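First the structure, in the form of structure tokens, and then the observations on it.
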């Protein structure tokens, strides 16, 4: 598995145009892929980022490039969702955030993983 800090460096931010206001940003990434560490087969999913920014917002091209780095990464659903949240929080420092991964069915089972973060916790 790659060093998370290497992936994290891909994320960029820009100044929040309204830092005094709470508002929600939602990004949908419908073509996320990683690799099952057990079978070596590709895993396909959709990621939904929902967050209330503080001082900065995530820059979308950098988010896309960051997510593409997982394409060949052998990692379980739970681990990748939590790792993405850790990286997102470390760089963007939102007031609140949710990352949900919605995985394509495999073997008759479908999985959704939801990770939440609040700066108040």
Taking first residues from the range 85-112 that are in contact (Cβ under 8 Å) with a residue 40 or more places away in the chain and on the phi > 0 side of the Ramachandran plot and second residues anywhere that are surrounded by fewer than 13 Cβ atoms within 10 Å (Cβ to Cβ) and not in a helix (DSSP H, G or I), the pairs with Cβ under 7 Å that are 6 or more apart or on different chains are none
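Mind listing whichever residues of the range 62-72 are surrounded by fewer than 18 Cβ atoms within 10 Å (Cβ to Cβ) and touching a residue at least 40 places away in the same chain (Cβ under 8 Å)?
We begin by selecting, within the range 62-72, every residue surrounded by fewer than 18 Cβ atoms within 10 Å (Cβ to Cβ); these are 62, 64-65, 68-69, 71-72.
Scanning the range 62-72 gives 62, 65, 69.
Condition test on residue 92, is it touching a strand residue (DSSP E or B) at 6+ places or on another chain (Cβ under 6 Å), modelled with pLDDT of 95 or more, farther than 28 Å from residue 110 by Cβ and surrounded by 16 or more Cβ atoms within 10 Å (Cβ to Cβ)?
Numbers: touching a strand residue (DSSP E or B) at 6+ places or on another chain (Cβ under 6 Å): yes; modelled with pLDDT of 95 or more: yes; farther than 28 Å from residue 110 by Cβ: yes; surrounded by 16 or more Cβ atoms within 10 Å (Cβ to Cβ): yes.
Here the answer is yes, as residue 92 does meet what is asked.
This table checks each residue for (1) in contact (Cβ under 8 Å) with a residue 24 or more places away in the chain; (2) under 14 Å from the mean Cα position of the chain (by Cα); (3) surrounded by 15 or more Cβ atoms within 10 Å (Cβ to Cβ); (4) more than 21 Å from residue 6 (Cα to Cα).
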{"residue": "55", "(1), (2), (3), (4)": "yes, no, no, yes"}
{"residue": "60", "(1), (2), (3), (4)": "yes, yes, no, no"}
{"residue": "74", "(1), (2), (3), (4)": "yes, no, yes, no"}
{"residue": "78", "(1), (2), (3), (4)": "yes, yes, no, no"}
{"residue": "83", "(1), (2), (3), (4)": "yes, yes, yes, no"}
{"residue": "115", "(1), (2), (3), (4)": "yes, yes, yes, yes"}
Any chance you could count how many residues in the range 1-51 are closer than 21 Å to residue 102 by Cβ and out of contact with any helix residue (DSSP H, G or I) (no Cβ under 8 Å at 6 or more places or on another chain)? 18
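The values are calculated or read from the model by the stated rules, or taken from the named source; none is laboratory data. Keep in mind that this is a model prediction, so the values were computed, not measured. Here Cβ is always computed from backbone atoms with ideal geometry, including for glycine, and neighbour counts include all displayed protein chains.
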